[in-house]
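K.L.:
Mind having a look at this structure? Questions to follow.
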Amino acid sequence: MQGRSVAAAARQLRRASWLQAQRGLSAQPAPADDGMVEVFVNGQATKVARGSNVLQACDAAGVDIPRFCYHQRLSIAGNCRMCLVEVEKSPKPVASCAMPAAPGMVIRTHTPLVKKAREGVMELLLINHPLDCPICDQGGECDLQDQSMVFGSDRSRFTEVKRAVSDKNLGPLVKTVMTRCIHCTRCIRFAKEVAGTDDLGITGRGRDAEVGTYVDKLLTSELSGNVIDLCPVGALTSKPAAFTYRNWELKSTESVDTSDALGANIRVDSRGVEVIRIVPRLNEDVNQEWISDKARFQYDALRYQRLNVPYIKGEQGLQQATWPDAFAAVAKAAGGLKGSEMRAVAGRLADAESLVALKDLMNRLGCGDLRVEGGSSDFDADVRSSYLFNSSVVGLDAADAILLVGCNPRLEAPVLNARLRAANLSGVPVAAVGEAYDLTYPVEQLGEGADTLDKLLKNGSEYLKRFKGASRPMVIVGAGVLQRADRDAVLQKVHKLVEKADVVREGWNGFNVMHDAAARVAALDLGFLPSPRARAAKAAPKLVYLLGADDYSEADVPADAFVVYQGHHGDRGAARADVVLPGTAYTEKVGTYVNMEGRPQSTKTATASLGDARDDWKVVRALSEVLGAPLPYNSLEEVRRRLADVAPHLGRRDAVEPPLWLNGEYFKAFAEKARKASTGGEPLASSMPHFSAFYQTDSISRASKVMAKCIKARQQPVPGVRAASAGM
Amino acid sequence: MRSAAQALLRYSALLSQQASRTSAAAQAVQAAACLSNQRWFATNSHDIFNVHRHEAHNNWDTEFDFTDANYEKVAEVISRYPSNYKASALIPLLDLAQQQNDGWLSLAAMNRVAKVLDMPEIRVYEVATFYTMFNRSKMGRYHVMVCGTTPCMLQGAKGIYKALKEHLGIDYGQTTPDGMFTLGEMECMGACVNAPMIAVADYGGGVEGFSYSYFEDLTPADTVAIVDTLKKGGKPKIGSQHRSKAEPAGAVIGGKWVPSKPTPEQMTLMGEPPGPYCRNLDEVPAAQAPPAPPK
Ligand code: SF4
Ligand code: FES
Ligand code: FES
């Protein structure tokens, strides 16, 4: 209860500052009551927002307070007592994380009393903590280890025997060594508050208390890996990476995740040519500090099923070849063909550079048949606001009514779902049209089929009234809707609703599309779509170029076509290909990915490319030479300049450019077309209805053994362990 | 003091009862840790483990549901709390479930309570493992709990424990083969004035027949007699075995009841005490006259 109210207060604050930023108020002089309180930390006057605690005040003053249980994104537990400080007029040391900052408070953090108190706490924490730092994966980045350097004693007064706690089986991702647990309850609070799978708790009491699930149970959250980062000691560590590294051996590269369309910021830690682990990087606007289990654990696939040399199909299937031979084979196949007899299909993981290069090349060859897999090839991307997450991800914190249309954010973008959950917990109602999914928070189910939208549109619809009454209503359309045959008709209904409920108003655009693939928005931004002539063409293409496309529809790749597959993992596309051109995975290249809100971000090279594989845009560039249509760029800078020419916002990295809202007029214009395409009553389903689609989404996650283990663990529990709830 | 060997014995006996999923090695490690520890558990809970271990009579397939009569009680308990604080009913409901389920909470019983109160199961497990009066493994019909806190200890609780142990042939945490008695230890139950004492919970009769009785001013012989009476289906005298309440009539000294009459110099209260007096607890309170109807 308390946790919730704290979270709600924090939200209020955030919302207020968001509003301020929106209205451009931040630059105005502060009014008399600016919602701040002044406290004195070690004699230095510091202003903090009302409702902050003493620990935050110390942070604001630049004074470091040691802590174990406090975490800014979780409710306050106040149980580790490491954050003790002295507050004037208080007879005892005060746990700073649990004490609200009051005006005029005099806080001292470096007195002998404080030091002695913290030393006492540290001694008690270490009583039952094993001395296994040399074999602990947390060693070197352990809060307890670090703080014991400051507050720990050089000898122990404890002559009894340490307790031992049995390890828990939390599934294939999180390894537990529960004897190391210091009962900070961060993992419990994370599971309860952020992940929404309330399975962890403290059982027993006193010396026998232990953190666990009581019954053998998997962590059924798609965010479970984050408890590894949260755990201040080595009780929860990464199971796939167990005993494979010491953290000081690792080279860190700041990059971007491509496993979903959120574009979570990640740090890729590598040693030599191997990615050892992936951890989140703080970005308040995108992923805060969480990433999904897929983003964190699919990296083992970077070792398996890799395409590291070109292949040409011969008598006995695909044969290893050299680049010149492979290019020659493509040139031979393309030789006699007209541009109109070719087609390019882009996959989920293609970066913007290779997309623009391939588009330029195909256009030069006279081919306009460019499409992205997933059936949205006849989608109209003329208006940018019709396919973006317009409210932006932070905008979600400001929304006060949310309507989901045919999506399952828990699987399509788990980190975004955590934000939705936070919004819901602080009182924002979430309703859904489409199939019902367990999103970890209560959702008002309005109906399954598109006809529900008609009902909502009827005058006097009670929900519409409520929705319209909200000050910042938000509609989120899932990627599954865009892939439907009757997409235009459904979208038209959604737009009618948007118009009727004033979802787009002064300073607020509440129409959002939630994509499920990292490459999608960039492809739409760059116009990687069939030209009108290609759309009208009936003839089947004779050459199909798959740019990492493994989920192409059979119709996109005719049986007798010559198929070129460019990509990094041997999956469906490579199996079908006549020529395979090896490319690089997201950890090996510098590539631009545009997330669902239209934020261009760049991956960085963490490890070298494998074997003969080359960056994708370079492969296309080299191929263009062989095909006699050389592309006019030779360096990454030049490709990026070209990117910015085609779509100027791609030049402004890491920033979101709010698109102009033109949908209303636009959708009226093609009302005619939509009317013809009738909508069936079948439920609006998510593109990821089942957890197996989350764990195995693209060619990387499908090659990952860890992801396969996750599915297995959820499907067939070990005897005696109850299966995770059937639906999810 | 209980020896390490005893600890190990109890421990391994319990372990062998468990049809547990942990590998034998893990059990051995735990048993060894327990032995080298040379001490009892931090709490005198009846249960050793604070995690669930599957047993033939306690696993996912075990079923539990409140009886219709008990569902009425459940509804009554829930009605005591505001509807948004339903979880407040957790402890009374666990108690009810325990009484219905022969004195212990199976996994199914805890899950049922979670369902009834609409709360995550783990929150129920947390509470059930925290309080030592909730038993999570099978119990005998009578749970005999010996008080082990200072006043009772000074008055001979150890002798009571020894007598029970020898007579029943079981140690703390164990159950007699006939399923009649489980022996346990408790901390002060507030009857120190009549120390030493035992409490006996009767789980034989479900919720209706449940009783929780104190037997005070015990000598080892009294204790054995009480247990024997219970075994025969009799009703031993509840409360002090040697005086009516806690009047100064004697004390258990060296395992014997030594009656005594206080000499005048030991007394501070010489005459009739001035009021106000306590009400007479033995007297059935007269039914209150209904308030006069307003005119
Ligand atoms: S496992 Fe780690 S995060 Fe969880 S309570 Fe223990 S120390 Fe804290
Ligand atoms: S950080 Fe304040 S008590 Fe743990
Ligand atoms: S010490 Fe035994 S009842 Fe108080």
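The values are calculated or read from the model by the stated rules, or taken from the named source; none is laboratory data. These numbers were taken from a predicted model, which means no experiment stands behind them. Using ideal geometry, Cβ is built from the backbone for each residue, glycine included, and neighbour counts are taken over all protein chains shown.
K.L.:
Of everything in the range A:169-185 that's surrounded by 22 or more Cβ atoms within 10 Å (Cβ to Cβ) and aliphatic (A, V, I, L, M), which residue is nearest to ligand 2 (Cβ to nearest atom)?
P.N.:
A:Ile182
K.L.:
Which number in (1) within 23 Å of A:Asp132 (Cα to Cα); (2) within 30 Å of the chain's Cα centre (by Cα); (3) within 14 Å of another protein chain (Cβ to nearest Cβ) marks the one condition that A:Phe158 misses?
P.N.:
(2)
K.L.:
While we're looking at this one, here's another question. Among the strands (runs of 3 or more DSSP E) confined wholly to the range A:395-477, which include 1 or more residues that are within 19 Å of A:Ser292 (Cα to Cα) and charged (D, E, K, R)?
P.N.:
Qualifying strands (runs of 3 or more DSSP E): none found.
K.L.:
Restricting the range B:184-204 to residues that are away from ligand 3 (no atom under 16 Å from the Cβ) and closer than 20 Å to B:Ser45 by Cα, which is nearest to the other protein chains (Cβ to nearest Cβ)?
P.N.:
If we take residues in the range B:184-204 being away from ligand 3 (no atom under 16 Å from the Cβ) and closer than 20 Å to B:Ser45 by Cα, then B:Tyr203 is nearest to the other protein chains (Cβ to nearest Cβ).
K.L.:
Residue check: is B:Leu218 out of contact with any Asp or Glu (no Cβ under 7 Å at 6 or more places or on another chain), modelled with pLDDT of 95 or more and assigned to a loop (DSSP other than H, G, I, E, B)?
P.N.:
So B:Leu218 passes the test.
K.L.:
Next question. Checking the conditions here, which among A:Lys168, A:Lys92 is without any contact (Cβ under 8 Å) to a residue 24 or more places away in the chain and either away from ligand 1 (no atom under 16 Å from the Cβ) or closer than 30 Å to A:Ala713 by Cα (or both)?
P.N.:
Only one candidate passes the filter, namely A:Lys92.
K.L.:
Now, a different point. Output the residues belonging to the range B:66-77 that are surrounded by fewer than 17 Cβ atoms within 10 Å (Cβ to Cβ), of a type in the set (A, V, I, L, M, F, W, C) and touching a residue at least 12 places away in the same chain (Cβ under 8 Å).
P.N.:
Residue satisfying the conditions is B:Ala69 alone.
K.L.:
Next question, about the same structure. Would you kindly identify the strands (runs of 3 or more DSSP E) lying entirely within the range A:535-633 that contain at least 2 residues that are within 26 Å of A:Met514 (Cα to Cα)?
P.N.:
Those strands (runs of 3 or more DSSP E) span A:543-547, A:592-594, A:600-602.
K.L.:
May I pose another question? Quick one: which residue in B:Lys261, B:Lys295 is out of contact with any Lys or Arg (no Cβ under 8 Å at 6 or more places or on another chain), at pLDDT below 80 and among the basic types (Lys, Arg)?
P.N.:
So the residue among B:Lys261, B:Lys295 that is out of contact with any Lys or Arg (no Cβ under 8 Å at 6 or more places or on another chain), at pLDDT below 80 and among the basic types (Lys, Arg) is B:Lys295.
Residues are listed down the side, and each one gets a yes or a no for (1) buried (at least 20 other Cβ atoms within 10 Å of the Cβ); (2) more than 15 Å from the chain's Cα centre (by Cα); (3) small (Gly, Ala, Ser):
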| site | (1), (2), (3) |
| --- | --- |
| A:Ser377 | yes, yes, yes |
| A:Gly395 | yes, yes, yes |
| A:Ile402 | yes, yes, no |
| A:Asn408 | yes, no, no |
| A:Ala422 | yes, yes, yes |
| A:Leu425 | no, yes, no |
| A:Val428 | yes, yes, no |
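K.L.:
When you scan the range B:38-122 for helices (runs of 4 or more DSSP H) that lie fully inside it, which ones turn up with 1 or more residues that are within 14 Å of chain A (Cβ to nearest Cβ) and among the polar types (S, T, N, Q)?
P.N.:
B:107-117
K.L.:
Would you check if B:Tyr161 is within 16 Å of ligand 3 (Cβ to nearest atom), assigned to a helix (DSSP H, G or I) and surrounded by 16 or more Cβ atoms within 10 Å (Cβ to Cβ)?
P.N.:
Judged against the criteria, B:Tyr161 is a match.
K.L.:
Filter the range A:99-131 down to residues that are touching a residue at least 60 places away in the same chain (Cβ under 8 Å) and farther than 18 Å from A:Cys58 by Cβ and give me whichever is surrounded by the fewest Cβ atoms within 10 Å (Cβ to Cβ).
P.N.:
Applying the filter and picking the extreme gives A:Asn128.
K.L.:
Sticking with this structure for a sec: Looking at (1) farther than 27 Å from A:Ser602 by Cβ; (2) in contact with a Ser or Thr (Cβ under 6 Å, 6 or more places away or on another chain); (3) at pLDDT 95 or above, find the lone condition where A:Ala329 falls short.
P.N.:
Unmet for A:Ala329, out of (1) farther than 27 Å from A:Ser602 by Cβ; (2) in contact with a Ser or Thr (Cβ under 6 Å, 6 or more places away or on another chain); (3) at pLDDT 95 or above: (2).
K.L.:
Same structure, new question: Would the range A:552-563 turn up any residue that is free of Cβ contacts under 8 Å to residues at least 40 places away in the same chain and buried (at least 21 other Cβ atoms within 10 Å of the Cβ)?
P.N.:
yes
Residue-wise test of (1) surrounded by fewer than 18 Cβ atoms within 10 Å (Cβ to Cβ); (2) not in a helix (DSSP H, G or I).
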{"residue": "B:Lys138", "(1), (2)": "no, yes"}
{"residue": "B:Pro151", "(1), (2)": "yes, no"}
{"residue": "B:Tyr172", "(1), (2)": "no, yes"}
{"residue": "B:Cys188", "(1), (2)": "yes, yes"}
{"residue": "B:Pro196", "(1), (2)": "no, yes"}
{"residue": "B:Val200", "(1), (2)": "no, yes"}
{"residue": "B:Gly204", "(1), (2)": "yes, yes"}
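K.L.:
Let me ask something else. Restricting attention to the range A:51-91, and to residues there that are more than 34 Å from the chain's Cα centre (by Cα) and modelled with pLDDT of 95 or more, which single residue is nearest to A:Met122 (Cα to Cα)?
P.N.:
Filtering the range A:51-91 for residues that are more than 34 Å from the chain's Cα centre (by Cα) and modelled with pLDDT of 95 or more, the one nearest to A:Met122 (Cα to Cα) comes out as A:Leu84.
K.L.:
So, one more: Taking the range A:49-79 as the search range and keeping residues that are under 16 Å from A:Val94 (Cβ atoms) and not in a loop (DSSP other than H, G, I, E, B), which one is farthest from ligand 3 (Cβ to nearest atom)?
P.N.:
A:Asp59
K.L.:
Inspect the range A:87-96 for any residue being within 9 Å of ligand 2 (Cβ to nearest atom), away from every other protein chain (no Cβ under 14 Å) and out of contact with any Phe, Trp or Tyr (no Cβ under 6 Å at 6 or more places or on another chain) and give the result as yes or no.
P.N.:
Within the range A:87-96, one or more residues are within 9 Å of ligand 2 (Cβ to nearest atom), away from every other protein chain (no Cβ under 14 Å) and out of contact with any Phe, Trp or Tyr (no Cβ under 6 Å at 6 or more places or on another chain).
K.L.:
Output yes when any residue across the range B:226-234 is under 19 Å from B:Cys152 (Cα atoms), surrounded by 13 or more Cβ atoms within 10 Å (Cβ to Cβ), without any contact (Cβ under 8 Å) to a residue 40 or more places away in the chain and touching a Gly at 6+ places or on another chain (Cβ under 9 Å), and no when none is.
P.N.:
Scanning the range B:226-234 turns up no residue that is under 19 Å from B:Cys152 (Cα atoms), surrounded by 13 or more Cβ atoms within 10 Å (Cβ to Cβ), without any contact (Cβ under 8 Å) to a residue 40 or more places away in the chain and touching a Gly at 6+ places or on another chain (Cβ under 9 Å).
K.L.:
Being within 12 Å of chain B (Cβ to nearest Cβ) and touching a helix residue (DSSP H, G or I) at 6+ places or on another chain (Cβ under 8 Å) is the filter; apply it to the range A:161-186 and report the residue that is farthest from A:Leu230 (Cα to Cα).
P.N.:
The residue in question is A:Val161.
K.L.:
Okay, next question. Among the residues of the range A:333-359, how many are surrounded by fewer than 22 Cβ atoms within 10 Å (Cβ to Cβ) and in contact (Cβ under 8 Å) with a residue 24 or more places away in the chain?
P.N.:
Summing the residues that are surrounded by fewer than 22 Cβ atoms within 10 Å (Cβ to Cβ) and in contact (Cβ under 8 Å) with a residue 24 or more places away in the chain in the range A:333-359 gives 6.
K.L.:
Follow-up. Identify, please: which residue in the range A:187-234 is under 24 Å from A:Asp137 (Cα atoms) and among the charged types (D, E, K, R) and is, among those, nearest to the other protein chains (Cβ to nearest Cβ)?
P.N.:
A:Glu210
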